[in-house]
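The values are calculated or read from the model by the stated rules, or taken from the named source; none is laboratory data. It should be emphasised that the depicted structure is a prediction, and the values quoted were computed from it without experimental measurement. Glycine also receives a Cβ, built like all others from the backbone with ideal geometry; neighbour counts cover every protein chain displayed.
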Amino acid sequence: MLNPEQREQISRQITAYENEVGVGLVKVPFGYKTLALRVDQLVASPEIMNSGVQVIQYLAQFPELVRGKRVTDMGAGSGIIGLASALLGANHVLMADIDNRAVANVEANINQLHLKGRCEVFQSDLFHNFGDRPKAEVQIFNHPFFADFPVRNKEWTQMMLGGTELLGKYFEEAPHFATSDALYILPWLTLAENNHGIDNDPGKRAMAYGFTVSRVTEQHPVKSGIQQSLFKIYELRHRV
Ligand SMILES: C[S@@+](CC[C@H](N)C(=O)[O-])C[C@H]1O[C@@H](n2cnc3c(N)ncnc32)[C@H](O)[C@@H]1O
């Protein structure tokens, strides 16, 4: 269940996608540089949902988190997080998304940035199609924040409306596809907090699945996009 403010936020995001805001070549602030990404309509756009921008600015501030590491970017969207990780020196990046539109979009961006040797993208519902690929040392999931189901006949709204089961399933599955000492990075938009029931705040949810919070950083909204409440970025570890 969403509160009125959350419903209003979702409605503004949906309207922006339907009006093709943030489509085409999008330039995203990335440390002192910019990252130029192609973004297709109905794929998560940094000019609408700026949580990906928050994550890559965090990574640009702490590049040692991904440098030299095998990284998984779950729910890759345009590829913003996985591609930024590769540009910061990740050894290899797996990017997966349930939506084939996103997979094609990431593929185009991998080619445009000449990162084919170090990045792989494929369709997968969470880890379903990961097979026996090498385990990640860093797992990043910019998950759908809002605790309600996708809008009927607008399946693409699964990019923002994940229900509450998705995150639980992620926490159950992720350790099987990561090394035992892996780092997990998940952002959180505090506007999506639900005071009357379960929500998707990783800081509240992860403990039940054997994770501990090793660091939480608060970030003020960036200038782009329409997600303008306080962000948190969680670093988690799984207890073995
Ligand atoms: C908040 S968007 C983040 C997109 C991108 N990482 C970014 O930062 O802009 C969430 C993404 O998760 C994907 N997603 C939703 N459910 C999924 C699932 N079960 N398995 C894999 N990806 C999923 C959506 O299609 C969407 O691209």
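Give the residues of segment 95-109 that are surrounded by fewer than 23 Cβ atoms within 10 Å (Cβ to Cβ) and aliphatic (A, V, I, L, M), sorted by residue number. If the condition is that a residue be surrounded by fewer than 23 Cβ atoms within 10 Å (Cβ to Cβ) and aliphatic (A, V, I, L, M), then Ile98, Val103, Ala104, Ala108 are the ones that fit. Please indicate, with yes or no, whether at least one residue in segment 154-166 is out of contact with any helix residue (DSSP H, G or I) (no Cβ under 8 Å at 6 or more places or on another chain) and more than 16 Å from the ligand (Cβ to nearest atom). Checking segment 154-166: not a single residue is out of contact with any helix residue (DSSP H, G or I) (no Cβ under 8 Å at 6 or more places or on another chain) and more than 16 Å from the ligand (Cβ to nearest atom). Scanning segment 87-106 for residues that are over 17 Å from Lys27 (Cα atoms), within 14 Å of the ligand (Cβ to nearest atom) and not β-branched (Val, Ile, Thr) gives Leu94, Met95, Ala96, Asp97, Asp99, Asn100, Arg101, Ala102, Ala104. Here the helices (runs of 4 or more DSSP H) wholly within segment 77-189 that include at least 3 residues being at pLDDT 95 or above and more than 17 Å from Tyr58 (Cβ to Cβ) are 100-112, 165-173.
Residues that are within 11 Å of the ligand (Cβ to nearest atom), touching a Ser or Thr at 6+ places or on another chain (Cβ under 8 Å) and of a type in the set (A, V, I, L, M) within segment 107-147 comprise just one, Ile140. Pairs linking a residue in segment 214-240 that is within 24 Å of Ser11 (Cβ to Cβ) to a residue that is loosely packed, with under 13 Cβ neighbours inside 10 Å and modelled with pLDDT under 90, with Cβ atoms under 9 Å and 6 or more positions apart or on different chains, are Leu230/His220; Phe231/His220.
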